[in-house]
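A.B. asks: Encoded as structure tokens, here's the structure I'll be asking about.
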């Protein structure tokens, strides 16, 4: 960062990016937004929604805000403009990544027409010898399905009498995926669908070499395979269509002018959406709350440097945060006291999850969570308690952009209001909403738009973002033992005093 003995990042300046949306001028921060009470009053739902409306406008114009596409560059422009107008000097960190433009299709045409979701319900094959592109529509034929020993399709004899031009549905197991796909092609299949084992809802890449394979092949979770198997003789379409090339994505970084660089507090959210979706809850919600917090903290003079980050290509595998952490020297990494992550904080059927920093739910392996993470969890718990809001643990599994930070021993924490998992009856009793449906029914879909939010959850959690950031901006002693001089402006010396601190 500029002029204060900070390391120099390889960047693409904001001027190299083309402005693509009418940009509002942010509301300027008051100089005294230096306590939890003041910052949470300054960070309003209206302010957060103004950023989300801008991101929605970008998605409306370009179709999505996915990394490597124009909508993402426009999102970067918007964040840079807002930060600049508020008085920051943002930097844009550039990195290359392997870009895939997926246009794959799995569809039951008749009866009971059903379109399955690429990436959620099925994946194209990724054999070592490539992914044959093409499209086929044909009659669904079950190949020795279900098989008690999961060996369907492993032998040419499994395809005895297979009708030429049909689409083969095969169960996983007994031999490599490539063997099944090549055998299906040899029997005259126009396309092949391989389904996961009973009860297995995971999606895995088809591995191994499939020499000579020319037909499209996809892999489905077990429930999708069973749904297809329930209509043998149905007409189905399988399409594998994608582009693969190297493209550029960006991280946006900005930090406070004041503060101890050797005890930097980082807070981040991923800015990109999935392809073909606006990504307003995932993760416009976290990005917008973080942006409004940064704007309202601009005139605050914290004890510790606060560095805000908007990550690129999270949806491609945490690539932006991984690039950032990989570029840190040992000294740079040691200067980061902690990292806060905000990914999906306004889910329409929400629960209020705090990353389980003390592993009280036992979901993380021993040694996986850095020391100090439990104390970050405490801060969020105390804040929710202070305002009378319910909360619970959520898995601290490395699924979002905190993963690269905890991998190098940096304490982390954050918030999450739910994605594709189903809400329980117990959670519905606590938070309201509907049991038995996902926390976000539009997760990774085109309907993740400006209407795909719960206003109460977004309002509460935007304040929780601001409260945690300002707390650690003045004191990280509970996390790493580093005490800050002078008055702590509402950020005390230990988490034991958190209730009093939040009441100031």
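Each reported figure results from applying straightforward, stated rules to the coordinates on display, with no laboratory input. Treat the numbers as computed from the prediction; the structure is a model and nothing was measured. Cβ coordinates were reconstructed from backbone atoms using ideal geometry, including for glycine residues, and neighbour counts include every protein chain displayed.
A.B. asks: Starting with the fewest neighbours, write out 329, 131, 75 ranked by other beta-carbon atoms found within 10 Å of each beta-carbon.
C.D. replies: The most exposed by this proxy come first: 329, 131, 75.
A.B. asks: Also: Report the Cα centroid-to-centroid distance between the stretch 452-476 and the stretch 135-208 in angstrom, as an integer.
C.D. replies: The stretch 452-476 and the stretch 135-208 have Cα centres spaced 49 Å from each other.
A.B. asks: Checking a compactness column here: for the stretch 129-206, what do you get for Rg(Cα) / (2.2 N^0.38 Å), N being the number of residues?
C.D. replies: 1.02
A.B. asks: Would any residue of the stretch 437-466 have its amide N under 19 Å from a label point 7 Å out along Cα→Cβ of residue 120? List them or say none.
C.D. replies: Taking a point 7 Å out along Cα→Cβ of residue 120, the residues of the stretch 437-466 whose backbone N falls under 19 Å are 437-454.
A.B. asks: Starting from the Kirkwood radius over alpha-carbon pairs of the stretch 241-330, derive D by Stokes-Einstein at 20 °C in a medium of 1.002 mPa s and give it in µm² s⁻¹.
C.D. replies: Calculated translational D: 148 µm²/s.
A.B. asks: Also: Output the 0 to 90 degree angle, nearest 10, between the alpha-carbon long axis of helix 455-474 and the longest principal axis computed from the alpha carbons of the chain.
C.D. replies: Between helix and principal axis, roughly 50 degrees.
A.B. asks: Give the order of 60, 401 when sorted by the count of other beta carbons within 10 angstrom, beginning with the fewest.
C.D. replies: Neighbour counts put them in this order, fewest first: 60, 401.
A.B. asks: So how tilted is helix 177-186 from the main axis of the chain? Cα-based, degrees 0 to 90, rounded to 10.
C.D. replies: Relative to the chain, helix 177-186 is tipped by roughly 40 degrees.
A.B. asks: Separate question: Considering only the stretch 218-371, what is the antiparallel percent among its DSSP beta bridges, to the nearest 5?
C.D. replies: Taking every DSSP beta bridge within the stretch 218-371, about 25 percent pair in antiparallel fashion.
A.B. asks: If you don't mind, there's one more thing I want to ask. Dividing the alpha-carbon radius of gyration of the chain by 2.2 N^0.38 Å (N being the number of residues), what value is obtained?
C.D. replies: Expressed relative to 2.2 N^0.38 Å, the Cα Rg reads 1.05.
A.B. asks: If you don't mind, there's one more thing I want to ask. Using a 10 Å cut-off around each Cβ, can you sort 142, 422, 318, 290 from fewest to most neighbouring Cβ atoms?
C.D. replies: 422, 142, 318, 290
A.B. asks: How do 107-115, 411-419 rank on mean C-beta neighbours within 10 Å, highest first? Please list the in-between numbers first.
C.D. replies: Working: 107-115: 13.3, 411-419: 26.1.
Packing order, densest peptide first, comes out as 411-419, 107-115.
A.B. asks: Across 10 Å bins from 0, what is the distribution of all Cα-Cα pair distances for the stretch 352-397, in whole percents?
C.D. replies: Result returned by the calculation: 29, 54, 16, 1.
A.B. asks: Next question. For the stretch 230-275, max minus min Cα coordinate along each principal axis, in Å, sorted largest first?
C.D. replies: 68, 29, 14
A.B. asks: Can you quote the Å³ per residue value for the convex hull of the Cα atoms in the stretch 198-250, rounded to an integer?
C.D. replies: Looking at the stretch 198-250, the number lands at 170 Å³ per residue.
A.B. asks: Right, next: Taking the simple approach of a point 7 Å from Cα along Cα-to-Cβ for both residue 243 and residue 201, what is their distance in nm?
C.D. replies: Simple spin-label model gives 3.4 nm for this pair.
A.B. asks: Assuming R0 = 60 Å, what is the FRET efficiency of residue 135 and residue 424, from their Cβ-Cβ distance, to the nearest 0.05?
C.D. replies: Working: r = 40 Å, r/R0 = 0.67.
Efficiency computed from Cβ-Cβ geometry: 0.90.
A.B. asks: Over its Cα atoms, what ratio of radius of gyration to 2.2 N^0.38 Å does the stretch 179-290 give?
C.D. replies: Here the Cα radius of gyration is 1.68 times the empirical estimate.
A.B. asks: Here's a follow-up. If packing is taken as the mean number of other Cβ atoms within 10 Å per residue, what is the order of 332-344, 461-473, 154-166, highest first? Could the numbers behind the result be given before it?
C.D. replies: Numbers: 332-344: 22.8, 461-473: 27.6, 154-166: 14.5.
Descending mean neighbour count gives 461-473, 332-344, 154-166.
A.B. asks: Here is a follow-up. Among the DSSP beta bridges whose two residues both lie in the chain, what percent are antiparallel, rounded to the nearest 5?
C.D. replies: Around 55 percent of the beta bridges assigned by DSSP in the chain are antiparallel ones.
A.B. asks: Further question on the same structure: With equal scatterers on the alpha carbons only and no solvent term, can you work out the Debye log10 of I(q)/I(0) for the stretch 56-205 at 0.12, 0.15 1/Å?
C.D. replies: Rounded to two decimals, the profile gives -0.66, -0.85.
A.B. asks: What is the angle, in °, between the Cα long axis of helix 70-86 and the longest principal axis of the Cα atoms in the chain? Nearest 10 is fine, range 0 to 90.
C.D. replies: The angle comes out near 10 degrees.
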